[in-house]
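Working notes for the structure below.
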């Protein structure tokens, strides 16, 4: 009976697999179909005439591999050598499987193909390194044909043996690390396609004993009882993935919310799929993505949440790539079109709405901003619901706290409500965000600037083109708002709305203002692009500045009233900060646009006589840890004296940077500057820069570049802690510096405002302390408001070659070098 059952289950699994392969090929273009057939062949052999061949020792071979006519045809089509010898002494892979949205309602012509390579457990680290190198070459080769194929190495015991799992791939751009485990396996079970190798025993009754009896089956683990502790890490991962593809992440995070709402009696989609297989139902109803949507729909209907349900439907439709507004001939071969047409009729969508969704590659910035806002709000709603569910559980013991911190840090800049952060605008499917005309309106009551994409009249706050935009947004929709004009222009340039050809206008202001905004935009464009890559090391260490742009006189401009000749500045050493008999300061406003090592762009504005000093004081601490590659730029929007202002300000910034790099923990460096009628001393120490007026009666050469002892050292709390800590302090993030001494754990806590607290714990390990504090920070609602992404940073104090060093907790040097 057991043999009959096992054979029957394998037949059902293979039947569904064959249907999925057919569905996959149905949606792919002819060239993609050819490339898809080659994936298993590339891994079966390591032939010098085939793509991916780099080293003759690279492991290859797949259990139960079968060379097909389709593979021969594919080789001929791509002008590749057809391998002749498939006899191998040993095989590297248990099987090769596509997973994710492939062959489902979620697959569209631009979908990538994620391929799991379940390798033999005997492979060495050197073998895996060779395989990773080959995988990268294969990914690049497929990308040359506009076909994205990503490969992931999977240990056969990865989901059952913790020790094997610990050695698996760490958190990365395309790898969830320890943030999800069983939930990832459940997604694989419900969506995989066997391309070659063993049949996966994914049915609910499968066990390890069964696969031991039938070696042609592969068992990866039991998912019938998903641990509640995993939902929080999985939700963080989906939010991270949502930074690039929020419509896709929203569906997955809502599935998590649906699963959590049923806990502990959760019915998994994998179980639903198998039930349909047993009923011999292999119609379009037997589809993982469609079942995912149906589950979310039922959940939201019980919640009476029509708003979220409507956005989910649009995400589902857009993810499929089926365009129902096109002639029926365009969709007649797509196996999903009839079902999708039936769903759309059920939802009551109008032809206009369908046409708007189908034109998503041509959405303008207003449509993109509106849809992104909806997606972000819904993602955060689901995250809060999952956080509330997870707060009753412990953090998953499988999830590394350091990876939790990395994910949260990455999410902080995108979901932060800090008005000074310049948020990226996700282009989603749109081919371009460029606008021909951008209009600014200033509202005195709110003291804010508002950005529009059309011409606006002074008599009304509506755009001339008042035609309704899509999905509830209309043409007077504000694209972006900020407290200063420089922030508005910088955001537009950073996100591609403003180009060199874009025309600018401000309501109530004349052509000179328009010219100034256009000039600022053109100056910022090259400075806001070609940004450095953010690595894990950057995210787990205190931030520092990589780019700083000082923008002066974009608002009030004292140079307009100046009647002199600029040529005189070439011959006379004149101070633009204290100019002429009246000692006029030619810089009245300063805006700072800066990029830190966490990948966050920010914009801040400073006004008044000491605006420049305030701006320098603001940025100087972030320059302390910057390297020689830091980019210090000046943009002068002055009507006159552009070059003198640029030259003198650039020299001053470089001077301040040099002084900040020279200061020690026990001394203060002073630099003198004259602004208007007053002389100021700029005092640099290891915690930043402060300034104060200097008596003009004191001779200049007596105070210039004076080196002073730190007068505050007696009362300075930092005086009694290891001096190396001062090199790592940064505003805006809580930091823990930990040192183990026998049974004592020294804890030095630096809060967001650089206030220091010293604590000691007995019989507490560093790992226990970090885990406990992280749990409190994430789940303690009284301590933090939701959502919590500004996680504290943890560092360990350790001696390396006799010198006390500060190292990020939990991450190796190999991990920290990778991009994230």
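The values are calculated or read from the model by the stated rules, or taken from the named source; none is laboratory data. For clarity, every value in this text was computed on a predicted model and none was experimentally measured. Don't worry about glycine lacking a Cβ; one is built from the backbone with ideal geometry, like all the others, and counts go over all protein chains shown.
If you take the residues in region 412-427 that are part of a helix (DSSP H, G or I) and closer than 12 Å to residue 246 by Cβ, which one is farthest from the chain's Cα centre (by Cα)? Can you show your working first?
Restricting attention to region 412-427, the residues satisfying the condition of being part of a helix (DSSP H, G or I) are 412-415.
Next, from what is left, pick out any that are closer than 12 Å to residue 246 by Cβ: 414-415.
On the way: 414: 8, 415: 10 Å.
Checked region 412-427; the qualifying residue farthest from the chain's Cα centre (by Cα) is 415.
When you go through (1) modelled with pLDDT of 95 or more; (2) part of a loop (DSSP other than H, G, I, E, B) one by one for residue 224, which number turns out not to apply?
Unmet for residue 224, out of (1) modelled with pLDDT of 95 or more; (2) part of a loop (DSSP other than H, G, I, E, B): (1).
To keep it simple, each residue is scored yes or no on (1) touching a strand residue (DSSP E or B) at 6+ places or on another chain (Cβ under 9 Å); (2) surrounded by fewer than 16 Cβ atoms within 10 Å (Cβ to Cβ); (3) at pLDDT 90 or above; (4) closer than 23 Å to residue 123 by Cα.
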position	(1), (2), (3), (4)
155	yes, no, yes, yes
164	no, yes, no, yes
177	no, no, no, yes
185	no, no, yes, yes
194	yes, no, yes, yes
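If we keep just the residues of region 679-697 that are touching a residue at least 40 places away in the same chain (Cβ under 8 Å) and in a strand (DSSP E or B), which is nearest to residue 755 (Cα to Cα)?
Restricting attention to region 679-697, the residues satisfying the condition of being touching a residue at least 40 places away in the same chain (Cβ under 8 Å) are 680, 682, 684, 686-691.
Of the ones still in play, those that are also in a strand (DSSP E or B) are 680, 682, 684, 688-691.
Details: 680: 27, 682: 22, 684: 18, 688: 14, 689: 16, 690: 17, 691: 20 Å.
Applying the filter and picking the extreme gives 688.
Name the residues in region 6-46 that are assigned to a loop (DSSP other than H, G, I, E, B) and either under 21 Å from residue 118 (Cα atoms) or not assigned by TED's automatic domain parsing to the domain that holds residue 142 (or both), would you?
Listed by number, the residues that qualify are 45, 46.
If you go through region 287-305 one residue at a time, do you hit one that is in a helix (DSSP H, G or I), modelled with pLDDT of 95 or more, in contact with a helix residue (DSSP H, G or I) (Cβ under 9 Å, 6 or more places away or on another chain) and farther than 16 Å from residue 255 by Cα?
no
Please find, within region 507-528, the residue that is surrounded by the fewest Cβ atoms within 10 Å (Cβ to Cβ) out of those that are within 26 Å of residue 430 (Cβ to Cβ) and touching a residue at least 24 places away in the same chain (Cβ under 8 Å).
It comes out as 525.
Going by the structure shown, is residue 135 modelled with pLDDT under 95 and closer than 25 Å to residue 28 by Cβ? Full working, then the answer.
Values: modelled with pLDDT under 95: no; closer than 25 Å to residue 28 by Cβ: yes.
Taking the combined requirement at face value, the residue does not satisfy it.
Looking at residue 492, is it within 24 Å of residue 620 (Cα to Cα) and either touching a helix residue (DSSP H, G or I) at 6+ places or on another chain (Cβ under 8 Å) or buried (at least 21 other Cβ atoms within 10 Å of the Cβ) (or both)? So that I can check it myself, show each step before the final result.
Working: within 24 Å of residue 620 (Cα to Cα): no; either touching a helix residue (DSSP H, G or I) at 6+ places or on another chain (Cβ under 8 Å) or buried (at least 21 other Cβ atoms within 10 Å of the Cβ) (or both): yes.
No, not satisfied.
Hey, can you tell me all the residues within region 435-454 that are part of a loop (DSSP other than H, G, I, E, B) and either modelled with pLDDT under 50 or loosely packed, with under 14 Cβ neighbours inside 10 Å (or both)?
The answer is 436, 444, 445, 446, 447.
Considering only residues of region 252-282 that are without any contact (Cβ under 8 Å) to a residue 12 or more places away in the chain and over 22 Å from residue 200 (Cα atoms), which is surrounded by the most Cβ atoms within 10 Å (Cβ to Cβ)? Reasoning before the result, please.
Taking region 252-282 as the starting set, the residues that turn out to be without any contact (Cβ under 8 Å) to a residue 12 or more places away in the chain are 262, 265, 267, 275-276, 279-281.
From what is left, the residues that are over 22 Å from residue 200 (Cα atoms) are 262, 265.
Numbers: 262: 12, 265: 5.
Within region 252-282, the match that is surrounded by the most Cβ atoms within 10 Å (Cβ to Cβ) is 262.
I'd like the full set of residues that are in contact with a strand residue (DSSP E or B) (Cβ under 9 Å, 6 or more places away or on another chain) and not in a strand (DSSP E or B), limited to region 739-751.
Listed by number, the residues that qualify are 743, 751.
If a residue must be farther than 13 Å from residue 186 by Cα and either in contact with a strand residue (DSSP E or B) (Cβ under 8 Å, 6 or more places away or on another chain) or in the same structural domain as residue 779 (by TED's automatic domain parsing) (or both), how many such residues does region 209-238 contain?
The total comes to 5.
Which of the residues that make up region 1-24 are under 22 Å from residue 288 (Cβ atoms) and surrounded by fewer than 16 Cβ atoms within 10 Å (Cβ to Cβ)?
So in region 1-24, the residues under 22 Å from residue 288 (Cβ atoms) come out as 8-24.
Across region 1-24, the qualifying residues are 8, 11, 14, 15, 18, 22.
Consider residue 615 against the criteria (1) assigned to a helix (DSSP H, G or I); (2) in contact (Cβ under 8 Å) with a residue 40 or more places away in the chain; (3) more than 34 Å from the chain's Cα centre (by Cα): it satisfies all of them except one. Which criterion is unmet?
(3)
Which condition does residue 633 not pass, out of (1) at pLDDT 90 or above; (2) touching a strand residue (DSSP E or B) at 6+ places or on another chain (Cβ under 6 Å); (3) buried (at least 17 other Cβ atoms within 10 Å of the Cβ); (4) more than 30 Å from residue 532 (Cα to Cα), if it passes all the others?
Residue 633 satisfies all of (1) at pLDDT 90 or above; (2) touching a strand residue (DSSP E or B) at 6+ places or on another chain (Cβ under 6 Å); (3) buried (at least 17 other Cβ atoms within 10 Å of the Cβ); (4) more than 30 Å from residue 532 (Cα to Cα) except (4).
From the list 88, 50, which one is in a loop (DSSP other than H, G, I, E, B) and crowded, with 17+ Cβ neighbours inside 10 Å? Spell out the reasoning first.
Working: 88 fails: crowded, with 17+ Cβ neighbours inside 10 Å.
None of the other options fit; the residue is 50.
Pick from region 539-559 the residues that are farther than 12 Å from residue 598 by Cα and assigned to a loop (DSSP other than H, G, I, E, B): which of them is modelled with the lowest pLDDT?
It comes out as 556.
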